[in-house]
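Undergrad: First, the structure itself, so that you have it in front of you.
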Amino acid sequence: MKIPSEAGLVLRIDAKVCHVEIDGVRKQLPLAGKLFEQKTHEKRPLAVGDHVLLDPTGQVIDKVLPRSSQLHRRAATEGEHQAQVLAANITQVIAVASVKSPPFQPELVDGLLAAAARQEIPATLVLTKIDLALKAADKWAAVYQHANVRVLRTCTVEGKQTTEALEEVRQLLNENQSVLIGLSGAGKSTLLNAVVPGVQLRTGKLNHIQQGRHTTTHTELLALPGGGHVLDTPGVRNFHLFCTGSQELQFLFPEIAAKLPECAYRSCLHDGEQDCAVTAALTAGEIAATRYGSYLRMLTDALDDESPYPKSSRSPSRGGGRRRPR
Ligand SMILES: Nc1nc2c(ncn2[C@@H]2O[C@H](COP(=O)(O)OP(=O)(O)OP(=O)(O)O)[C@@H](O)[C@H]2O)c(=O)[nH]1
Ligand SMILES: [Mg+2]
Ligand SMILES: [Zn+2]
């Protein structure tokens, strides 16, 4: 997609103004009222990473250009039927997850990876703080490598730095427009400080994090001296997919998708059907229980969305009987 030379790049969004870079100059500009009136399923009219055009006065953002990609989730507040776009025009999602303090949360990582897969954006999992729990780091790395995910194990503590893995992070950042996402306190800003020369983002103290306080409060786009740009985001507590069909989910988990041809039923949802190759693989230890658990949670959400009946009147057990055999 060709971006016109007069377009600006959204670096940060505050309550009343957007920080936009135009011709190398950073400006703080308001949005035209009409952008808020457009009826879309998106919570806000624009996101960090968007390309925008100004009105003839050059003082107001007038138009948001079509995106080449976006990472979005079901909006946490203001109604479940809206999407919150966390990053626009990105070529890579980096899920950042500490192996300890805060503890690793598989459902959050799986939500992020599935959302990236759904948008066909390559994703990498960066495990942080491996100095605190090396065994846990190895365990989670194995789970995700088995799911075809690129995993990097990192530590940024002086004297214990994982030089090679940090160098790989640096290279990935320089080659892409990336977004870093993960729990508050996972170490996103610390990671950027360690790999990007000249960057000094504010990082958190453990007692603040334990009180649930975010250190990074706004998504900020940083241009990298070695090429590429990265979005450092405030921590997220969860990551629920936005409007994903029940039949679509299985394709967002590579290790589940690999088993589909062996299931007895063509429309198997792998939640209790007979002769299901996915549940057999789970029992055999070929699919991680946490990954399957995340799949089932997403499936429940998707089926609830698709059901014409209220959640309470639906039977908890599904599967069996109603599938068409292959
Ligand atoms: N032991 C250890 N601590 C680390 C490591 N990386 C980061 N930390 C610590 O983790 C804490 C949180 O780091 P931040 O970089 O602020 O976390 P964040 O993900 O940016 O958090 P938010 O901005 O709130 O989303 C800080 O006290 C860091 O010093 C690491 O490799 N090992
Ligand atoms: Mg931060
Ligand atoms: Zn199945």
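Undergrad: Here is a check on your reading of the model: is S184 touching a residue at least 60 places away in the same chain (Cβ under 8 Å), on the phi < 0 side of the Ramachandran plot and assigned to a loop (DSSP other than H, G, I, E, B)?
TA: Judged against the criteria, S184 is a match.
Undergrad: A further question follows. So, in region 213-246, of the ones that are of a type in the set (V, I, T) and surrounded by 21 or more Cβ atoms within 10 Å (Cβ to Cβ), which residue ends up farthest from V96 (Cα to Cα)?
TA: Pass one, region 213-246, residues of a type in the set (V, I, T): 215-217, 219, 230, 233, 236, 244.
After this cut, where a residue has to be surrounded by 21 or more Cβ atoms within 10 Å (Cβ to Cβ) as well, the list is 219, 230, 233.
Working: T219: 15, V230: 13, T233: 11 Å.
Taking the candidates together, the pick is T219.
Undergrad: Do the conditions hold for V93, that is, is it more than 23 Å from T290 (Cα to Cα), touching a helix residue (DSSP H, G or I) at 6+ places or on another chain (Cβ under 7 Å) and surrounded by 20 or more Cβ atoms within 10 Å (Cβ to Cβ)?
TA: Spelling it out, it is not the case that V93 is more than 23 Å from T290 (Cα to Cα), touching a helix residue (DSSP H, G or I) at 6+ places or on another chain (Cβ under 7 Å) and surrounded by 20 or more Cβ atoms within 10 Å (Cβ to Cβ).
Undergrad: Follow-up. Only one of I94, I61 is within 30 Å of P4 (Cβ to Cβ), in the same structural domain as L221 (by TED's automatic domain parsing) and not acidic (D, E). Can you tell me which?
TA: I94
Undergrad: Quick one: Y144 ticks every box in (1) surrounded by 20 or more Cβ atoms within 10 Å (Cβ to Cβ); (2) assigned to a loop (DSSP other than H, G, I, E, B); (3) of a type outside the set (A, V, I, L, M) bar one, so which box is it?
TA: Every condition holds for Y144 apart from (2).
Undergrad: Out of curiosity, is K135 under 14 Å from P102 (Cβ atoms) and basic (K, R)?
TA: It is false that K135 is under 14 Å from P102 (Cβ atoms) and basic (K, R).
Undergrad: Whether any residue in region 85-92 is in a helix (DSSP H, G or I), hydrophobic (A, V, I, L, M, F, W, C) and closer than 28 Å to L206 by Cα is what I want to check. Let's see the steps before the verdict.
TA: As a first pass, look at region 85-92 and keep what is in a helix (DSSP H, G or I): none.
No, that holds for no residue.
Undergrad: With respect to G182, determine if the residue is at pLDDT 95 or above and either in contact with a helix residue (DSSP H, G or I) (Cβ under 9 Å, 6 or more places away or on another chain) or over 27 Å from H81 (Cα atoms) (or both).
TA: yes
Undergrad: Yes or no: Q200 surrounded by fewer than 16 Cβ atoms within 10 Å (Cβ to Cβ) and farther than 30 Å from A281 by Cβ?
TA: In short, yes.
Undergrad: Scan region 154-164 and tell me whether some residue there is closer than 30 Å to C276 by Cα and either away from ligand 3 (no atom under 16 Å from the Cβ) or among the β-branched types (V, I, T) (or both).
TA: Let us first name the residues in region 154-164 that are closer than 30 Å to C276 by Cα, namely none.
Among the residues of region 154-164, not one is closer than 30 Å to C276 by Cα and either away from ligand 3 (no atom under 16 Å from the Cβ) or among the β-branched types (V, I, T) (or both), which makes the answer no.
Undergrad: Would you say D62 is loosely packed, with under 10 Cβ neighbours inside 10 Å and touching a residue at least 12 places away in the same chain (Cβ under 8 Å)?
TA: Taking the combined requirement at face value, the residue does not satisfy it.
Undergrad: Separate question: Which condition from (1) within 20 Å of the chain's Cα centre (by Cα); (2) assigned to a helix (DSSP H, G or I); (3) exposed (fewer than 15 other Cβ atoms within 10 Å of the Cβ) is the one that P103 breaks?
TA: Tallying (1) within 20 Å of the chain's Cα centre (by Cα); (2) assigned to a helix (DSSP H, G or I); (3) exposed (fewer than 15 other Cβ atoms within 10 Å of the Cβ), P103 fails exactly one: (2).
Undergrad: I'm trying to understand the selection: among the residues of region 1-45, which are touching a Cys at 6+ places or on another chain (Cβ under 9 Å) and either under 27 Å from F242 (Cα atoms) or surrounded by fewer than 15 Cβ atoms within 10 Å (Cβ to Cβ) (or both)?
TA: V10, L11, R12, Q28, P30, L31, H41
Undergrad: Something else: If N193 satisfies all but one of (1) at pLDDT 95 or above; (2) within 16 Å of ligand 2 (Cβ to nearest atom); (3) crowded, with 19+ Cβ neighbours inside 10 Å, what's the number of the condition it fails?
TA: Exception for N193: condition (3).
Quick grid of which residues meet (1) assigned to a helix (DSSP H, G or I); (2) within 16 Å of V93 (Cα to Cα); (3) within 14 Å of ligand 1 (Cβ to nearest atom):
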site: A117; (1), (2), (3): yes, yes, no
site: I130; (1), (2), (3): no, no, yes
site: C155; (1), (2), (3): no, no, yes
site: G159; (1), (2), (3): no, no, yes
site: E164; (1), (2), (3): yes, no, no
site: E167; (1), (2), (3): yes, no, no
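The values are calculated or read from the model by the stated rules, or taken from the named source; none is laboratory data. Source: prediction; values computed, not measured. Counting neighbours? That spans all protein chains shown, and the Cβs are built from the backbone with ideal geometry, glycine included.
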